[in-house]
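Reviewing the structure listed below.
Just so you know, all these numbers are worked out from the coordinates, no wet-lab data involved. Given the structure is predicted, the values throughout are model-derived calculations rather than measurements. Here the Cβ is made from the backbone with ideal geometry for all residues, glycine too, and neighbour counts use every protein chain on show.
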Amino acid sequence: MKTILSQQQIGLTIKRLAHQILENYSQDIETVIIGIQPRGIFLSDKIVAEINTIIKPTLVQYGKLDITFYRDDVRTGLHVANKTDIVFNIENKRVVLIDDVLWTGRTIRAALDALLDFGRPAKVELCVLIDRRFNRELPIQPDYTGRAIDTLVSEKIKVNWKENSEIDEVILLQQ
């Protein structure tokens with residue numbers, strides 16, 4: 001086990017990601033932030049909270065997206081859906097999708113499919129805490145990255161949050 005990001009580093013990374021998202025903010029096009037259920041919402045909650053300390057909270061709408069039934073890599077067994085909470089239309093808006101780890105790209109592909117149920121955005125950007133650069137199965141790249149790391153297929157990244165663990169941290173597990 002190796003620590004990739006400590007609690008302090010995660011806090012700084014969240015602040016940096018929030019500022020980077022705001023750097024591309026334009027009053028000409030509405031911005032919405034959508035966290036991907038289940039694990040991306042811990043990160044998106046924190047990024048949105050940070051953004052709301054910088055700008056007026058009503059300038060950026062925030063939603064949560066469940067992609068359970070849009071996945072193509074999980075075909076067997078009973079799936080328990082999470083809650084989608086998007087009470088706004090994304091038609092012609094800038095959408096910033098947020099997830100914790102980008103690896104194969106299949107979660108993001110499912111999220112893009114699911115987004116179309118809420119309208120056709122003008123632009124979709126991707127923000128991730130960890131980008132596992134190797135072993136991508138689809139041509140998907142993040143616009144905003146907390147940390148890019150090179151891992152083997154046999155290694156696993158685990159993101160712990162205070163909300164479901166004792167501490168905010170990112171660790172690399174050898175298998």
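At full extension, residue 16 and residue 1 could sit 2.8 nm farther apart than now, given 0.36 nm per residue minus the alpha carbon distance. What net charge do the residues around residue 3 carry, taking every other residue with its C-beta under 13 Å from that of residue 3, with Lys and Arg at +1 and Asp and Glu at -1? For residues surrounding residue 3, the net value is +1. So I have (i) -0.40; (ii) -0.30; (iii) -0.23, and one of them is log10 I(q)/I(0) by the Debye sum over Cα atoms at q = 0.08 Å⁻¹ calculated from this model. Which one is it? Computed from these coordinates, log10 I(q)/I(0) by the Debye sum over Cα atoms at q = 0.08 Å⁻¹ corresponds to label (iii). Put a plus charge on the Cβ of each Lys and Arg, a minus charge on the Cβ of each Asp and Glu, and nothing anywhere else: the dipole of the chain about its Cα centre is then about 200 debye. Other residues lying with their Cβ under 15 Å from the Cβ of residue 96 contribute a combined charge of -2, Lys and Arg counting +1, Asp and Glu -1.
What fraction of the DSSP beta bridges in the stretch 51-175 is antiparallel, stated in percent and rounded to the nearest 5?
The antiparallel proportion sits near 30 percent.
Using a/c under 1.5 as the rounded threshold, could you call the stretch 1-40 rounded, prolate or oblate? The axes a ≥ b ≥ c are square roots of the C-alpha gyration tensor eigenvalues, and prolate needs a/b larger than b/c, oblate otherwise.
Values: a/c = 4.60, a/b = 1.81, b/c = 2.53.
Oblate.
Each Lys or Arg adds one and each Asp or Glu takes one away; over the other residues whose Cβ falls under 10 Å from the Cβ of residue 85, this sums to +1.
Can you give me the Rg/Rh ratio for the stretch 24-65, using Cα atoms for both radii and the Kirkwood formula for Rh?
Values: Rg = 10.5 Å, Rh = 10.7 Å.
Here the Rg-to-Rh quotient is 0.98.
The ranking of 42, 134 by Cβ neighbour count inside 10 Å, starting from the fewest, reads 134, 42. Say each of residue 173 and residue 116 gets a label point 7 Å from the Cα, pointing the same way as Cα to Cβ; how far apart are those two points in nm? Those two pseudo-labels are separated by 3.5 nm.
For residue 30, the amide hydrogen comes within under 5 Å of the amide hydrogens of 94, counting only partners 5 or more places away or on other chains and with H modelled in the peptide plane. Among 30, 91, sorting on how many other beta-carbon atoms sit within 10 Å of each Cβ, with the fewest leading, yields 91, 30. Protection proxy ranking for 164-175, 7-18, using the average of other Cβ atoms within 10 Å per residue and placing the highest first: 7-18, 164-175. Each Cα pair under 8 Å and six or more residues apart adds its sequence gap; the mean of these over the residue count of the chain is a relative contact order of 25 percent.
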